[in-house]
Amino acid sequence: MVRRNEILGIVLGILLLFVIHSLTITALIFLSSYLPFFNRNYNFFWIPVSIGLWQIVYAIPLILLMKRKQKWGLMKGVIICAVLTALLNGSCWILFTFPR
């Protein structure tokens, strides 16, 4: 029974961070005209690439909050999603920085 709750917590943690990523990308798209980095030449394609930098702002405090509340399954799910985002973000940086 405990194992099932932990797996549910992991799935909920992954979904939680995925929703936060989606909200962050949406907010960055709407606020991109006010941010000085995105305002030059309408560099909107850098928004998905920069999600790895922005996730530091909310993923690490979320992990620490889950650790403090001892929600281990949720914390593991957030960590899994953060690592997957970092790996995918690294490939985006390589793709946009070093084109063929």
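For this structure, a couple of remarks:
- Close pairs from the range 1-23: first closer than 17 Å to K69 by Cβ, partner outside any helix (DSSP H, G or I), Cβ under 7 Å, at least 6 apart: G9/K71
- Counting only helices (runs of 4 or more DSSP H) wholly contained in the range 1-83, the ones carrying 1 or more residues that are at pLDDT 85 or above and more than 12 Å from the chain's Cα centre (by Cα) occupy 2-31, 51-68.
- Qualifying positions in the range 66-87 - touching a residue at least 12 places away in the same chain (Cβ under 8 Å) and either farther than 11 Å from I14 by Cβ or polar (S, T, N, Q) (or both): M66, K71, W72, M75, T85, A86
- I63 being under 15 Å from L15 (Cα atoms), β-branched (V, I, T) and in contact (Cβ under 8 Å) with a residue 12 or more places away in the chain: yes
The values are calculated or read from the model by the stated rules, or taken from the named source; none is laboratory data. Bear in mind the structure is a predicted one, so any value in this text is a computation, not a measurement. Counting neighbours? That spans all protein chains shown, and the Cβs are built from the backbone with ideal geometry, glycine included.
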